[in-house]
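Trainee: After the structure tokens below, expect a handful of questions from me.
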Amino acid sequence: MRFFIDTANVDEIKEAHSWGAIDGVTTNPSLVAKEGKDFREILDEICSIIDGPISAETVTLNHEEIIAESRELAKIHKNIVVKIPLIKEGLKAVQIVSKEGINTNVTLCFSATQALMAAKAGATYISPFIGRLDDISQDGMALIEDIRDIYDNYDFPTQILTASVRHPEHVRLAALVGSDVATIPFGVLEKLIKHPLTDSGLDKFLKDWETVPKLTSTSQKG
Ligand code: E4P
């Protein structure tokens, strides 16, 4: 499973990239708004750090405007994936821009039939938001399983990008059910590395190491 980082914060992207696990980036209007910086400036910085798919979201509601926005975003860098909301006007746009070779990430997916419609329109990625489904007492991971089965049944090439990931268990289960990608917030990526037994084990190794007799440089000479 590929890992994208779900943030528009450049420091988080640089730090997570240094761990060797980041294959791409997803942003959304809310994440960009938190940074208080120009969107284009943020995208240029991200593209200079990560050589992989970078999702940039459109913010219009009419298909003609979504298409125009998509074309502008795609011009910024070869790695830009245009994120388009799962509404009728969005799917009209996906259908047209995907034929022009623009990669798309259809976002705000909450049902298997929505995912089927996005695949039929030619989406490169589908983003089911599992955490937001869990928030309303629906099973987010069951949606990933359903989409996996449906896409496999009919050989749809659309890749499943598990989104709205809230904790490491979401990542473990997404990998088990065969999600193609998970987009993960920085805090959750950190938690994927941490384990209390690693910390206590390392602490003991270092304490025990202090008791090992060491030759001094004088005694080594002679
Ligand atoms: C997807 O690409 C979105 O940016 C994101 O995963 C939404 O997550 P949230 O539900 O935590 O806002």
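Trainee: Report yes if residue 43 is within 13 Å of the ligand (Cβ to nearest atom), in a helix (DSSP H, G or I) and either within 19 Å of residue 159 (Cβ to Cβ) or at pLDDT 95 or above (or both), otherwise no.
Mentor: It is false that residue 43 is within 13 Å of the ligand (Cβ to nearest atom), in a helix (DSSP H, G or I) and either within 19 Å of residue 159 (Cβ to Cβ) or at pLDDT 95 or above (or both).
Trainee: Could you check residue 137 against (1) outside any loop (DSSP other than H, G, I, E, B); (2) more than 19 Å from the chain's Cα centre (by Cα) and say which number it fails?
Mentor: It fails just one condition, (1).
Trainee: Here is a follow-up. Just give me the residues in the range 139-150 being surrounded by fewer than 21 Cβ atoms within 10 Å (Cβ to Cβ) and in contact (Cβ under 8 Å) with a residue 12 or more places away in the chain, in sequence order.
Mentor: 141, 145, 146, 148, 150
Trainee: Tell me the residue from 174, 121 that is within 14 Å of the chain's Cα centre (by Cα) and away from the ligand (no atom under 11 Å from the Cβ), please.
Mentor: Among 174, 121, only 174 is within 14 Å of the chain's Cα centre (by Cα) and away from the ligand (no atom under 11 Å from the Cβ).
Trainee: Among (1) without any contact (Cβ under 8 Å) to a residue 60 or more places away in the chain; (2) of a type outside the set (Ser, Thr, Tyr); (3) surrounded by fewer than 20 Cβ atoms within 10 Å (Cβ to Cβ); (4) farther than 30 Å from residue 100 by Cβ, there is one condition residue 175 misses while meeting the rest; what is its number?
Mentor: Residue 175 satisfies every listed condition except (1).
Trainee: The conditions are (1) under 25 Å from residue 194 (Cα atoms); (2) touching a helix residue (DSSP H, G or I) at 6+ places or on another chain (Cβ under 8 Å); (3) in a helix (DSSP H, G or I), and residue 22 fails exactly one of them. Which is it?
Mentor: (3)
Trainee: Ok, one more. Kindly indicate the residue of the range 127-171 that is closer than 28 Å to residue 98 by Cα and basic (Lys, Arg) and also farthest from the ligand (Cβ to nearest atom) among those meeting that condition.
Mentor: Result: 148.
Trainee: Between a first residue in the range 101-119 that is in contact (Cβ under 8 Å) with a residue 24 or more places away in the chain and a second residue that is surrounded by fewer than 24 Cβ atoms within 10 Å (Cβ to Cβ) and of a type in the set (Asp, Glu), which pairs have beta carbons less than 6 Å apart while being 6 or more apart in sequence or on different chains?
Mentor: Short answer, once both residue conditions are applied: 112/146.
Trainee: Which of (1) in contact (Cβ under 8 Å) with a residue 40 or more places away in the chain; (2) part of a helix (DSSP H, G or I) does residue 92 not meet, given it meets every other one?
Mentor: (1)
Trainee: Another question about this same structure. Among (1) part of a loop (DSSP other than H, G, I, E, B); (2) within 16 Å of the ligand (Cβ to nearest atom); (3) aliphatic (A, V, I, L, M), which single condition is residue 33 missing?
Mentor: (1)
Trainee: Hey, among the residues in the range 41-89 that are among the hydroxyl-bearing types (Ser, Thr, Tyr) and surrounded by 21 or more Cβ atoms within 10 Å (Cβ to Cβ), which one's farthest from residue 16 (Cα to Cα)?
Mentor: Kept after step one, since they are among the hydroxyl-bearing types (Ser, Thr, Tyr), are these residues of the range 41-89: 48, 55, 58, 60, 70.
Keeping just the survivors that are surrounded by 21 or more Cβ atoms within 10 Å (Cβ to Cβ) gives 55, 58, 70.
Details: 55: 17, 58: 25, 70: 28 Å.
Across the range 41-89, the extreme among qualifying residues is 70.
Per-residue answers, yes or no, for (1) β-branched (Val, Ile, Thr); (2) over 17 Å from residue 185 (Cβ atoms):
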| residue | (1), (2) |
| --- | --- |
| 13 | yes, no |
| 20 | no, yes |
| 60 | yes, yes |
| 71 | no, yes |
| 74 | no, yes |
| 79 | no, yes |
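Trainee: Go through 115, 142, 175 for me and flag whichever is closer than 20 Å to residue 58 by Cα and either assigned to a helix (DSSP H, G or I) or at pLDDT below 95 (or both).
Mentor: 115
The values are calculated or read from the model by the stated rules, or taken from the named source; none is laboratory data. This is a predicted model, so every value here is computed, not measured. Counting neighbours? That spans all protein chains shown, and the Cβs are built from the backbone with ideal geometry, glycine included.
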